[in-house]
Amino acid sequence: MKISKALIIFIVLVGTFISLPKQGSAESGDVYEVGDIVLNVRSEPSSTGPVIGKLHKGDQVIAFNEHYGWLQTYYDGEEAWVAAHYLTKENQENPISKSEPQELEVTGQSVYIRSGPSTDFAIVGSATIGDTYSTVETEADWYKIKLHDGSTGWIASWLTDKSIKADASKEKTGKKAGTVAEEVKGVSTSSPLDGYNIVIDAGHGGKDPGAIGLNGTEEKTVNSQTASEVAKVLSAKGATVIQTRSKDTFLSLDRRAEISNTYNTDAFISIHYNAFPVQSVQGIGTYYSSLNKDHALAEDIQNKLSGSLPLYNRGLFQEEFRVLRKNNAPAILLELGFLTNPGDYATIQTTGYHHQVAEAIADGLINYFH
């Protein structure tokens, strides 16, 4: 940001040194901690903006944007702002530690070996369940291993029998703004979805009820129940979760895609349930738009859903749904059962179904990213 000469002269004349924070983008997913204060969460980047919540000492804020000293985050699924000068940025550097060589065994079904200690590095090989390697060193939750040809590579510890646990003294408790889950306790750096930004979209809402099922059940309500559970499970596995809506509000399809496109989104998942005039139609299916961008994500998650849920597997469908087509990130739409089919409906109404869905989605994402 450029400051005019007149402003510089004025500052010099009054003898005041002013530091103007820049307007722009924070690094996606930067984590900050609240200092010794009760911090107001506001709906606008201004000290006069309406207060929509409060954070306390030790609470964490995940910031996605910066505007003249205010950090933009999400609070209870809604866009929110907090004053940056009350926050301290978390130290995200992870020292490399040399360790005594040890043998580890791969526990993942199909695991990539990379050139460095994160999924951002190039794939240099692969391993399968039961393969064993000698470790050379560790960084965060990754092992550097000696490959059979004498070269080295990096493997995620959580895909081995020697998962690296976070130092308990560094675990944080309390509310975490920027995720949907209100409380994330003991977040471990070994979480398999750590570092990934996932947008969860509860379909329909507000004036749009979606499909109407048996007993007058509105799809928008069931979508919200599932989306909330998915957000909770993904957060517990380390993901940064952003919900397009956490309340019964109406959002256009373009706005849903816009929310996803605003951030460095790694995957967009729209949650839906189906309906049909013929009650015998049943099952779960996954929709994608782009063969290159979306198909792999759709396949991994549908495979996990069909393998975990007791409903009929309808498979994959390629459709030009607007919310998928307008999305820059890999994006899919899930139809998680028919509210008009008595069998599906009874299963969907059980207390454990939403959690089963959430765990299957998490497993599909882990498989997709790793």
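The values are calculated or read from the model by the stated rules, or taken from the named source; none is laboratory data. Keep in mind that what you see is a predicted model, and the values were worked out from it rather than measured. Here the Cβ positions follow ideal geometry from the backbone for every residue, glycine too, while neighbour counts run over all protein chains shown.
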**Item:** First in segment 151-172 and in a helix (DSSP H, G or I), second anywhere and surrounded by 14 or more Cβ atoms within 10 Å (Cβ to Cβ) and modelled with pLDDT of 65 or more, Cβ under 6 Å, 6 or more apart
**Value:** 157/141; 157/143; 158/192; 159/111
**Asked** Within segment 45-62, is there a residue that is under 18 Å from residue 244 (Cα atoms), in contact with a strand residue (DSSP E or B) (Cβ under 8 Å, 6 or more places away or on another chain) and either in a loop (DSSP other than H, G, I, E, B) or small (Gly, Ala, Ser) (or both)?
**Response** no
**Request:** Would you mind listing the helices (runs of 4 or more DSSP H) fully within segment 272-370 where at least 1 residues are aromatic (Phe, Trp, Tyr), under 23 Å from residue 242 (Cβ atoms) and touching a residue at least 40 places away in the same chain (Cβ under 8 Å)?
**Result:** 353-369
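In segment 205-216, what residues are buried (at least 20 other Cβ atoms within 10 Å of the Cβ) and touching a residue at least 60 places away in the same chain (Cβ under 8 Å)? Before the answer, list the steps.
Pass one, segment 205-216, residues buried (at least 20 other Cβ atoms within 10 Å of the Cβ): 205, 210-211, 213.
Residues satisfying the conditions are 210, 211, 213.
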**Item:** Matching residues in segment 296-325 - criterion: being buried (at least 17 other Cβ atoms within 10 Å of the Cβ), within 20 Å of the chain's Cα centre (by Cα) and not polar (S, T, N, Q)
**Value:** 297, 298, 299, 300, 301, 304, 305, 323, 324
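Yes/no matrix, rows are residues, columns are (1) on the phi < 0 side of the Ramachandran plot; (2) polar (S, T, N, Q); (3) out of contact with any Phe, Trp or Tyr (no Cβ under 8 Å at 6 or more places or on another chain); (4) assigned by TED's automatic domain parsing to the domain that holds residue 339:
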position	(1), (2), (3), (4)
224	yes, yes, yes, yes
234	yes, no, yes, yes
244	yes, yes, yes, yes
262	yes, yes, no, yes
265	yes, yes, yes, yes
276	yes, no, no, yes
283	no, no, no, yes
299	yes, no, yes, yes
